[in-house]
Structure formats: C-alpha cells, structure tokens
Amino acid sequence: MSRSRKLWFKLVTSGAVTAAFYWTLFAHEAEVMASFTRTDGFYPLLPVVTAFAFSFAHGAFTGYFWEALGVQARKR
Amino acid sequence: METFLALDATNVAFLLIVGFIGGLVSGFIGSGGAFVLTPGMMSLGASGIVAVASNLCHKFPKALVGAYKRHQFGHVDVKLGLVMAASASPGVWAGAALQDWVRRSFGEAGSNLYVSLAFVVVLTVVGGFVLRDALRLHRSGRAAAKEQTGKLARWVQAIHVPGTMMHFRTAGIRVSALFTIPLGFATGVLAATIAVGGFIGVPGMIYVLGAPSLVASATELVIAFVMGLFGTFKYALGGYVDIRLAMLILLGSLFGVQLGAIGTTYVKPYMIKLVTAVIMLIVAVSRALVVPVYLAQLGVFALPGTAVAALKAASFVFMVAALLTGAVIIVGAMIRGHAEAVAAVEEVAE
C-alpha cells in the first residue's frame, strides 16, 4: 500500500472509531449520565477511562486529519 | 443530586468552537482555554462545580495528546514535568483548602473577589514581565538567535546543594530540587485558584529554572495532565463530571491542540513568550472589570444593576478576545513561518 493510501486508511479507521464513540455517548445519553455520575464502587473511574479512550481515538484522528491536509511540523 | 443542563445545537456549537480555540492556544503555550471554558459553561447554565469538573475531564486527555505530539518534536522534558507535577499535587490540595476557607469566611462574593484579584495580580505581574522580555528580544534583533538564560536562572543554576541536584536533559539544566518544589507547589496552588496553573508554571520554568521557552511550554502539558487526571477523579468521586460537556469540548480541542503543537515548530522562541504575555494581560483586564461587581456584592459600595450587567458582559468579551487574539497571532505566525520554510527549501534547491 502506498504512503498516502495508508494515511487515508488510518484516517478513516480512527474517524470511524471516534464517530462510534460519540454516537454511543449521545444515543444513550440518559443511561450514560446516570451511571457516570454514580459515586459508589468503581463508577467514578468511568469518566477517567472514557476520556482516555476518546482521546486515543480522536487524538489519532485529528493527527491524521492535519497530516492529510498537509499541515505538518517543520523539519529542521 | 446535581442537575445537568440540556444540550441544544447552539450550546454544542459554542463548546466545539471554544474547545478548538482553547486547544490551539494550549498546544502552543502549554495552557489556555480553561479560563474561558469554565465561565463559558456556567453561562450556558452549568453549575460552577460541574463546569470546573467537566473542564478538568477534557483537560487531561487534551494535555496528554498535546504532550505526546510535542514529545515527537523533542520539546518535552518528561522528568522535569513529573518532578514539577509531584509538588504541584500538594499545591492543588493547599489551593483548594485555601479556596474553601475563603468561601466559608467571606461567602460566594468573597470567593469570587479572591479569585479575580489572584487573576489580576498574578497575570499583570507575570504577564508584564514576560511581555517586556519578548519585546526586548524582538527589538534587539536577536529574535532568531538562541534564547539566553536570564540573570535569575543563572543564579539558581549556580547554587549547588548536595543531595538535591537534579539534571533535566531536554531542558538542558541542572538545578536543585529546592527550587523545583516551591515552583511546582505554586503552579498547583494557582491551578486550584484560577484553574490555569500554567500562568506560573511556564514563566517559572523559563525565568527561574532557565528552561528554553519551547521546552517549558511543552513540559507544562505533562504537569497539566497529571493535575487534570487527579482532579477529574476527585470530582468524579462526588458525581460532578458531565461527560457530555467534557467530550464535546475535547472534540474541538484535539483539532486545536495538534495544530498549536505543529505551530511551535514554525515560530521563533520569542513568539511563545509574546502570545503568553498578550493572553495573560488581556485576561487580567477581563478579571479587573468584575472586581467592582464583587466589591458591591460585599457591600463596600452600591452599584446599579445595569452597571453590573455591563461590567460582566465586558469581562466575558475580553476573555473571548484574549483567546481569539492568541489564535490569530498563532495562525498568522504559522503561515509566515511556513512561507519562510518553503522559500528556504526553494533557495536550497536552486
């Protein structure tokens, strides 16, 4: 696979995972809010774990997004 | 039980845009966005504590992504970040305890006045100092040259206390922990007071420890990550995190933080100081505008309702202006830097 095709593949994959995460969050808004604001057991860990998961998927997507647009760090 | 606000299209658009601009500034100067996002969420109807908790929950993953990106460019001193974060954590605790004491002793208005005065004093003093340095560098024509270590930092680096010396390779400095501990602690106290510890952390690493500004602004992201992670968990134990708000801000801010981090590779070091100073000074004006409002609430003098509303509106406009000004300078500097880089490559090719 050429370099640009690889980039597009990564962009689409990470974008799809990110979209799935956001869709799940808002399609089940009421249930999510009910369990994410519970203060017993391991429930307080839910926002922390979710933030990590979203940032890995969306962080990868935004990185590939700028790269696909040609916005890259200057090489010195 | 806390009630959480309903989201409509306008709210969502607002969170996405402010998130993006906050992320852009954060990726560039190491901190930013929090001082607009917290009041911004409160203006949408979220309670203060939910706004702070949700802000922290978007902040630590954003800082992580920003730190990772800038680590790839070789800007992050992980050891310095972790050492500073270790003393920043008790600083956050002390700052929160102080905040709590002020609130119990002087009420809501007293607490708001304390926060605003802390903003005005710290930002004016530190922002003025950073601006003077940035302008001096620019005028002297040494803007493109390597940064020079300041007098204070040279003195700090010259002090050798056996058993406390630490070497930070990326920052290229060797200093005593006796200096990093109070600096980290102050960063934590400020983070707990005004939600932006970086306003002490970044200038502190540059002018007290002698770290280059590129390394200081990148390393601040490590400190923000650690403080944000623990802060989020602490608020989640009380059920205060609105994950929808946090993830919506994150949606915009990760685009911004990547762009801001890339931007640092195109600009001369003094630009980071200039953007930091400009934002700090505009935010100081914004907070100074609401000081009379809180003084009136404490009964020091009377203020008509229209004046209160006008001052609050002007304050919010200044805060948004601070972020927008930062964003415009960053994007402008990136475009100029990119054009120069392209011209240099073409010159070599010829």
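The values are calculated or read from the model by the stated rules, or taken from the named source; none is laboratory data. Predicted model only: the values in this text are computed from it and were never measured. Cβ sites come from the backbone with ideal geometry, for glycine too, and all protein chains shown count toward neighbours. Calculation scope for accessible area: heavy atoms of the full protein, side chains included, ligands and nucleic acids excluded. Shrake-Rupley method; radii C 1.70, N 1.55, O 1.52, S 1.80 Å.
Numbers below:
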read-out: Electrostatic dipole magnitude of the stretch B:9-341 [Cβ: Lys, Arg +1; Asp, Glu -1; Cα centre; debye, to 20]; value: 680 debye
read-out: Solvent-accessible surface (1.4 angstrom probe) belonging to A:Asp40, in square angstrom, nearest 10; value: 70 Å²
read-out: Per-selection Rg to Rh, the protein assembly as shown - Cα, Kirkwood hydrodynamic radius; value: 0.97
read-out: Protein-only accessible surface order, largest first, of B:Arg154, B:Arg70 at 1.4 Å; value: B:Arg154, B:Arg70
read-out: Heavy-atom accessible surface of chain B: percent carbon and sulfur, 1.4 Å; value: 69 percent
read-out: Non-local Lys pairs in the stretch B:9-341, i.e. 8 or more apart or on different chains, that have alpha carbons under 26 Å apart; value: 22
read-out: Average beta-carbon neighbours from other chains, 10 Å sphere, peptide A:23-30; value: 2
read-out: B:Ser315 accessible area, 1.4 Å probe, all protein chains in place, Å² to nearest 10; value: 0 Å²
read-out: A:Phe52-A:Trp23 pseudo-label distance in nm [points 7 Å out on the Cα-to-Cβ vector]; value: 2.6 nm
read-out: Cβ-Cβ FRET estimate between B:Ala13 and B:Ala307, R0 fixed at 25 Å, reported to 0.05; value: 0.20
read-out: Cα centre as origin, Lys/Arg/Asp/Glu Cβ charges: the protein assembly as shown dipole, Debye; value: 1220 debye
read-out: Carbon and sulfur %, accessible surface of chain A computed with the full protein complex present, 1.4 Å; value: 68 percent
read-out: Pairwise burial A:B, computed as accessible area of each alone minus the pair, summed, 1.4 Å, Å²; value: 2900 Å²
read-out: Pair B:Leu5, B:Met166: separation of 7 Å Cα→Cβ label points (nm); value: 3.9 nm
read-out: Rg to Rh, two decimals, where the stretch B:206-332 supplies the alpha carbon set and Rh follows Kirkwood; value: 1.05
read-out: Accessible area in square angstrom per residue, the stretch B:244-350, 1.4 angstrom probe; value: 40 Å²
read-out: Given charges at beta-carbon only (K, R positive; D, E negative), |dipole| of the stretch B:143-240 in Debye; value: 200 debye
read-out: At least 18 Å along the helix axis (C-alpha) and Kyte average at least 0.5, DSSP helices within chain B; value: B:9-29, B:78-139, B:177-194, B:213-236, B:243-263, B:269-297, B:305-349
read-out: Rounded tilt (10° steps) of A:3-27 against the dominant C-alpha axis of chain A; value: 20 degrees
read-out: Peptide A:58-68, shielding by other chains (average Cβ, 10 Å cutoff); value: 5
read-out: Local electrostatic count, B:Asn11, Cβ distance below 12 Å [Lys/Arg +1, Asp/Glu -1]; value: -1
read-out: Relative counts (whole %) of C-alpha pair distances in chain B, using bins that are 10 Å wide; value: 6, 25, 35, 23, 9, 2, 0, 0
read-out: Listed residue (B:Gly74, B:Gly95, B:Ile49) projecting farthest to the positive dipole end of the protein assembly as shown, Cβ model; value: B:Gly74
read-out: Largest-first principal axis extents of the Cα set of the stretch A:1-40 (Å); value: 50, 20, 8
read-out: Area accessible to solvent at B:His338, 1.4 Å probe radius, in Å²; value: 90 Å²
read-out: Estimated [θ] at 222 nm from DSSP helical runs (n ≥ 4, -39500 (n - 2.57)) normalised by residues in chain B, nearest 500; value: -27500 deg cm²/dmol
read-out: Virtual spin-label span in nm between B:Met42 and A:Ala34, 7 Å along Cα→Cβ; value: 3.2 nm
